[in-house]
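In what follows, a structure is listed as structure tokens, so that the remarks can point back to it.
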């Protein structure tokens, strides 16, 4: 048993090294002064400074933030309402909807991208920020609904009954009882939707027009057009932002208890 | 559709009637921007291509028949092979990891799981790009191999099928670990002990006790890795060469480069059929194991 456990542990360590090695190398190289070679030429922050002066990059960042904020608000409102609406449905209908909600998450993203692109083109809608936002709301609604529903089902129904017994109408019950209890889940859903939207490449790739370049699209074209050290710095920054979002989300979930 | 009232649980029928209306906006949204576009792709897959791209609405099955061409068959075959290999590699790496996490002290488990999930939350492009740095001709792996004297000529690692599979394993390993962890966590250690006490060999303990009892997790993990692998675009696009094109790249090529929308749509539906088959396998397994598989 113990010998077996040692072997398992060795493979586990290897797996963790595999997961973290590349990211650490990437972050380390974003501080490398060498322009093209992989040899270490001393530590520098100049690639980070170069990022601040790259106007196309700043414009892409602004686009990404606008898209993420608007699509997160849209998906949280629509997805949240859906989660509440499902409460009032029969068990079988709830199960049917739950099954269907997984579909947008399972389907290959390439396919979702081309389907939306075709849809917009056939409607003669010019591709741009609007079409990207419409698309991002589609994949964020299921995420939000699933997260809020998970929390909603854990709530003690007695709390809402108590509010009703004390004379609260449906709106007051929601405003003073249900929503405060759900708040951590709602914020968690907001963070997840925001992160997923900010990171999305494929749906954006197919639905964005020329003026709607986002950060991932910019990263993609930088990688494709030849490796410059600025990508390393940009990538390291994106890693830091993602980690910050996860940390915040965990902090919120801890308060949930 | 949403308006029928069936009082469930604690909410009174009248109230539930009112609250189920809340679902309407999101359902309309999903119908309009998800189901309609998918239906459109399906319809177009049976249409013909115009002379200058675009669509001519004439029913034909030619697009699906075109896919029987060896060139497309090869790409489909590739994709299936890479996705299968990725799933197998994820299992080999992920099972020990899931096992060790599930058997470690309970208060460490959330932190260890977080450690596995954390890379998943960083941008996929960035993670794939990190492998370009490692696998490049003058990359770290080649540098290390040369300076250790293991190889004399630098290896061509980037833009190969190997690079694609490495990238896919890297991208989707967390999807394998989570369901396996849940399954191993539920596996009673006493059963494994009993097998050891009865002088089962190490292989027998694994294949006759551990695997059958963690089957739902194994199938779940494999499906969750296989689905995004088979439909991947970024990984083969960045790490693969012209010969390691996968279905996702073919779809993108048909739509944006060749501008043959009907053929691209047909390819999309073949991909969707493969994905749905994997999902069906998952649900069949979940039904058979007749337990609450996803409680969370």
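In summary, helices (runs of 4 or more DSSP H) completely within the stretch A:118-234 and bearing 3 or more residues that are under 22 Å from residue A:87 (Cα atoms) and under 16 Å from the mean Cα position of the chain (by Cα) occur at A:129-154, A:179-199. Pairs, please: C-beta under 7 Å, at least 6 apart or cross-chain, first residue within 13 Å of another protein chain (Cβ to nearest Cβ) and touching a residue at least 24 places away in the same chain (Cβ under 8 Å) and in the stretch A:179-200, second crowded, with 20+ Cβ neighbours inside 10 Å and not in a helix (DSSP H, G or I)? Matching pairs, first to second residue: A:199/B:123.
Scanning the stretch A:45-55 for residues that are more than 15 Å from residue A:235 (Cα to Cα) and either in contact (Cβ under 8 Å) with a residue 40 or more places away in the chain or part of a helix (DSSP H, G or I) (or both) yields one hit, A:55. Is it true that some residue in the stretch B:139-157 is at pLDDT 90 or above and touching a helix residue (DSSP H, G or I) at 6+ places or on another chain (Cβ under 6 Å)? Looking for residues that are at pLDDT 90 or above and touching a helix residue (DSSP H, G or I) at 6+ places or on another chain (Cβ under 6 Å), one finds none in the stretch B:139-157, hence no. Counted as qualifying within the stretch B:157-250 are the helices (runs of 4 or more DSSP H) with 2 or more residues that are more than 25 Å from residue B:76 (Cβ to Cβ), namely B:161-186, B:189-197, B:215-230. No other residue among A:166, A:248 is within 12 Å of chain B (Cβ to nearest Cβ) and over 30 Å from residue A:111 (Cβ atoms) apart from A:248.
Do you know which residues across the stretch A:119-134 are within 8 Å of chain B (Cβ to nearest Cβ) and surrounded by 23 or more Cβ atoms within 10 Å (Cβ to Cβ)? Listed by number, the list holds a single entry, A:119. Taking the conditions (1) in a helix (DSSP H, G or I); (2) touching a helix residue (DSSP H, G or I) at 6+ places or on another chain (Cβ under 9 Å); (3) free of Cβ contacts under 8 Å to residues at least 40 places away in the same chain in turn, residue A:23 satisfies each one other than (3). Kindly evaluate residue A:58 against the criterion of being away from every other protein chain (no Cβ under 11 Å) and either under 30 Å from residue A:133 (Cα atoms) or assigned to a helix (DSSP H, G or I) (or both). Judged against the criteria, residue A:58 is a match. Considering the stretch B:24-130, the qualifying helices (runs of 4 or more DSSP H), each wholly inside and each with 2 or more residues that are at the interface with chain A (Cβ under 9 Å from one of its Cβ atoms) and over 29 Å from residue B:175 (Cβ atoms), run over B:24-30, B:36-44. For the stretch A:78-98, state whether one or more residues are closer than 21 Å to residue A:245 by Cα and either without any contact (Cβ under 8 Å) to a residue 24 or more places away in the chain or more than 8 Å from every other protein chain (Cβ to nearest Cβ) (or both). Checking the stretch A:78-98: at least one residue is closer than 21 Å to residue A:245 by Cα and either without any contact (Cβ under 8 Å) to a residue 24 or more places away in the chain or more than 8 Å from every other protein chain (Cβ to nearest Cβ) (or both). Within the stretch B:250-274, the set of residues being under 29 Å from residue B:222 (Cα atoms) and touching a residue at least 24 places away in the same chain (Cβ under 8 Å) comprises B:250, B:265, B:266, B:267, B:268, B:269, B:270, B:271, B:274.
If the condition is being buried (at least 21 other Cβ atoms within 10 Å of the Cβ) and at pLDDT below 90, then the stretch A:88-118 contributes A:88, A:89. In the set B:12, B:45, B:104, only one residue is more than 30 Å from residue B:206 (Cβ to Cβ), touching a helix residue (DSSP H, G or I) at 6+ places or on another chain (Cβ under 7 Å) and modelled with pLDDT under 95; that residue is B:45. The number of residues in the stretch B:238-252 being surrounded by fewer than 20 Cβ atoms within 10 Å (Cβ to Cβ) and within 11 Å of chain A (Cβ to nearest Cβ) comes to 0.
Tell me, please, whether a residue that is in a helix (DSSP H, G or I) and in contact (Cβ under 8 Å) with a residue 60 or more places away in the chain can be found in the stretch B:136-148. Taking every residue of the stretch B:136-148 in turn, none turns out to be in a helix (DSSP H, G or I) and in contact (Cβ under 8 Å) with a residue 60 or more places away in the chain.
For the stretch A:153-173, the set of residues classified as touching a residue at least 12 places away in the same chain (Cβ under 8 Å) and surrounded by 14 or more Cβ atoms within 10 Å (Cβ to Cβ) consists of A:155, A:160, A:163, A:173, listed by residue number.
Among the residues of the stretch B:90-108, those identified as touching a residue at least 40 places away in the same chain (Cβ under 8 Å) and farther than 16 Å from residue B:225 by Cα are B:99, B:101, B:102, B:103. Only one of the listed residues (A:30, A:71) is in contact with a helix residue (DSSP H, G or I) (Cβ under 7 Å, 6 or more places away or on another chain), within 21 Å of residue B:141 (Cβ to Cβ) and more than 9 Å from chain B (Cβ to nearest Cβ). That residue is A:30.
Considering (1) more than 9 Å from chain B (Cβ to nearest Cβ); (2) modelled with pLDDT of 85 or more; (3) assigned to a helix (DSSP H, G or I), the lone condition that residue A:238 does not fulfil carries the number (1). Here residue B:145 passes the criteria (1) more than 21 Å from residue B:229 (Cα to Cα); (2) within 11 Å of chain A (Cβ to nearest Cβ) except the one numbered (2).
The values are calculated or read from the model by the stated rules, or taken from the named source; none is laboratory data. Here the structure is a predicted model, which means the values were calculated and not measured. Cβ: placed from backbone, ideal geometry, glycine included. Neighbour counts: every protein chain shown.
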